[in-house]
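Heads up, the thing below is written out as structure tokens.
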Protein chains: 4
Amino acid sequence: MTDPIRIMGICGSYDLDSANGHMIDLVLAECKEMGAEVIVWDNKANPLPFVGEDGCWDHDNVKLYKSMADSADAFVLSSPEYHGTMSGVMKNSLDWLSFDQTTGKVFGLISTLGGQSNTTTLNHMRTVVRWIHGWVIPEQLVVSNVKNAFSDDGKILDSNLSKRLVEFSTSLFNNTQKLR
Amino acid sequence: MTDPIRIMGICGSYDLDSANGHMIDLVLAECKEMGAEVIVWDNKANPLPFVGEDGCWDHDNVKLYKSMADSADAFVLSSPEYHGTMSGVMKNSLDWLSFDQTTGKVFGLISTLGGQSNTTTLNHMRTVVRWIHGWVIPEQLVVSNVKNAFSDDGKILDSNLSKRLVEFSTSLFNNTQKLR
Amino acid sequence: MTDPIRIMGICGSYDLDSANGHMIDLVLAECKEMGAEVIVWDNKANPLPFVGEDGCWDHDNVKLYKSMADSADAFVLSSPEYHGTMSGVMKNSLDWLSFDQTTGKVFGLISTLGGQSNTTTLNHMRTVVRWIHGWVIPEQLVVSNVKNAFSDDGKILDSNLSKRLVEFSTSLFNNTQKLR
Amino acid sequence: MTDPIRIMGICGSYDLDSANGHMIDLVLAECKEMGAEVIVWDNKANPLPFVGEDGCWDHDNVKLYKSMADSADAFVLSSPEYHGTMSGVMKNSLDWLSFDQTTGKVFGLISTLGGQSNTTTLNHMRTVVRWIHGWVIPEQLVVSNVKNAFSDDGKILDSNLSKRLVEFSTSLFNNTQKLR
């Protein structure tokens, strides 16, 4: 019998208490039910420095982050779309990953938007993941009009999106096992 | 007689003492000679916070940055390519701009790479600038193998790139006047 | 007094009797009212061969097309989104243009979609136009749910899109004059 | 024992007697040696019509093409870069595929360029394949300065590219088996 797969969430909003953090929670809850171990990087509790900032190369949070990513078999990236692409927080988080943490691992991508649907952020993240030699599952999630996307108790209001979230999570879980 | 145009440099490396900071200097020196006023955001001296960080919305450096951008007619963006797109530093800097600072203004784009040439970073920055309703000049600069791109006294070694830098600067200067 | 500007439409649907052909007509009608000369490539009447097809290099329709493009100061490109990017018809039409026909000229971009809004086709066309050294105006038009976009007599039903079409046409007309 | 996997080549040059056709041959030869069945669409012998052309919807070549694609487990796409993206021939070939032929199947991507290396064509094809719900392997091949890429007897001159072609083919073969 093999080890359970471990899936790590990385959030493009600074605070996990956000729509992007919430989308990661929902996906990881599905994956956990299927048998995965799940972890999330809490950037607010342990802020990553900017690449190039004084002291960044030996920063304790960078070490912690890389060590967590080393231990993961798969990743969920969820970013707001700012100005037609992923946030600076998401890009800086990805800048701290390298081939050692990502080659051959599996990624699922999520984007939230204040207004109408678009996939530019997903397309750009897909390019980045390819660059670090990861796999991206074909399923992807877009949450448009994000301020009205959830009920007061955090449920997704759009039943089609709910269904797609389950398919997304299942694909991430199953294909990580196939590709590991 | 009209006011001289003002061009602002934004650097995707944290420190202006870098290849990207140097490329901005070279372009702005050309533009200054043609009659432009030139300014550069020094992110190391006045670090921008991450969008979403505690205290970010009223941060003095954000106000200073937006005020500088308000005063500019055109921008030069120079970013390293990290993992197939612009750096987190560049994206976070762009996240702090909005339509007020950028609509109808003119942008020139530069990308540096450690290895061989590619234009993905330029393509992604072009998408972002469109999103904030700016114009991007057709000319763009790629500096590949960036560690070997300059002489000890900071001159560009590739004479073709030198020539393109002059054309780039001239286009930025002339077309900002036309489109202002 | 200078010559009127001439604007050429290129359609990504094979037949001008289509939503994309119709969007071109609407834009060109606006531009004509402002004083532009307007022309449209009718690909159904004069089909362009595929690049590489036997006899393509000396094909009469290619000569006619290039000659029409030579005479234009600006272009309107309107393409359906097929599989996340412009149609093969649009790409083959662009393949037949070269720097001679396009350098320094101004382009406006339109995309139609069967389903919900997206800008990937516009982003990809923007990359192509940059490659052939054209300018792309920041304004762009997306027609989602295209089958329900027009009234029986061909009017745009979404008043916001109608308004944007006028702004798009005005920008194309005015900025072609500035950049010519 | 399971059936051997079947891999289909689709060429973005009109004629298979081209650098792109040759790259497909080299990859398929590797895959055949590993045990795959290999097939190639010969667009010159059986030209696909443009989408929208008179008679296209019932065209015999379209039926033949879709039937061949139906039978494939994986695809190799090789396109020249024309004006910063895939050729019209490649895009029109992809336009004729739909979810039925591609969902869950595996794709490997190749781009050839007349000049220096770039990955824009690969990035755009990656977006298209995602749209039709395919998987794209992380490995990809770029052939720059394509006129000088091969010896008189068709061997790849750049030993690094040769090595990458073997890795690419191996990944395509192995991962198609895992993901089938």
statement: Of the candidates B:Ile110, B:Ile137, the one satisfying the condition of being out of contact with any Cys (no Cβ under 6 Å at 6 or more places or on another chain), without any contact (Cβ under 8 Å) to a residue 60 or more places away in the chain, crowded, with 16+ Cβ neighbours inside 10 Å and away from chain A (no Cβ under 13 Å) is B:Ile137
message: Show the residue pairs meeting these rules: Cβ distance below 8 Å; 6+ apart or different chains; first residue within region D:147-174 and closer than 17 Å to D:His22 by Cβ; second residue aromatic (Phe, Trp, Tyr).
response: D:Ile156/D:Phe150; D:Leu157/D:Phe150
task: Run down C:Leu113, C:Leu16 and say which single residue is in contact with a Pro (Cβ under 8 Å, 6 or more places away or on another chain) and closer than 25 Å to C:Leu157 by Cα.
output: C:Leu113
task: Can you confirm whether region B:114-134 contains a residue that is under 21 Å from C:Glu139 (Cβ atoms), within 12 Å of chain A (Cβ to nearest Cβ), basic (Lys, Arg) and without any contact (Cβ under 8 Å) to a residue 12 or more places away in the chain?
output: yes
message: Just to be sure before I move on: is A:Gly84 in contact with an Asp or Glu (Cβ under 8 Å, 6 or more places away or on another chain), within 17 Å of B:Ser87 (Cα to Cα) and not β-branched (Val, Ile, Thr) in the structure I sent?
response: no
message: Checking B:Asp100 against (1) without any contact (Cβ under 8 Å) to a residue 40 or more places away in the chain; (2) within 12 Å of chain A (Cβ to nearest Cβ); (3) charged (D, E, K, R), only one condition comes out false. Which one?
response: (2)
- prompt: In this structure, is A:Asn175 out of contact with any helix residue (DSSP H, G or I) (no Cβ under 6 Å at 6 or more places or on another chain), in a helix (DSSP H, G or I) and surrounded by fewer than 24 Cβ atoms within 10 Å (Cβ to Cβ)?
  reply: yes
task: Answer yes if at least one residue in region C:137-155 is among the polar types (S, T, N, Q), assigned to a helix (DSSP H, G or I) and closer than 26 Å to B:Leu179 by Cα, and no otherwise.
output: no
- request: Working only within region D:61-109, note down all residues that are of a type in the set (Lys, Arg) and in contact with a helix residue (DSSP H, G or I) (Cβ under 7 Å, 6 or more places away or on another chain).
  value: D:Lys66, D:Lys91
query: Among the residues of region B:148-158, is there at least one that is small (Gly, Ala, Ser) and on the phi > 0 side of the Ramachandran plot?
result: yes
field: Considering residues of region C:140-163 that are out of contact with any strand residue (DSSP E or B) (no Cβ under 6 Å at 6 or more places or on another chain) and within 14 Å of another protein chain (Cβ to nearest Cβ) only, the residue farthest from B:Thr127 (Cα to Cα)
entry: C:Asp158
Close pairs (7 angstrom Cβ cut-off, 6 or more residues apart or separate chains): on the phi > 0 side of the Ramachandran plot in region A:43-72, surrounded by 20 or more Cβ atoms within 10 Å (Cβ to Cβ) and not small (Gly, Ala, Ser) anywhere: A:Gly52/B:Tyr14; A:Gly52/B:Val89
statement: Restricting attention to region C:114-126, the residues that are under 14 Å from C:Thr102 (Cα atoms) and surrounded by fewer than 22 Cβ atoms within 10 Å (Cβ to Cβ) number exactly 0
statement: Within region A:106-132, residues being within 23 Å of A:Phe50 (Cα to Cα) and in a loop (DSSP other than H, G, I, E, B) number 1
query: How many of the residues in region D:51-80 are within 21 Å of D:Glu30 (Cα to Cα) and within 11 Å of chain C (Cβ to nearest Cβ)?
result: 1
- request: Only residues that are part of a strand (DSSP E or B) and closer than 10 Å to D:Ser78 by Cβ: list them for region D:1-23, please.
  value: D:Gly9, D:Ile10, D:Cys11
query: So which residues in region A:3-45 are polar (S, T, N, Q) and within 21 Å of A:Ser171 (Cβ to Cβ)?
result: A:Asn20
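Every number here is computed from the coordinates shown, using simple stated rules; none is lab data. Because the structure is predicted, anything quoted here is derived from the model rather than measured. With ideal geometry, Cβ positions are generated from the backbone for all residues, glycine too; neighbour counts draw on all protein chains shown.
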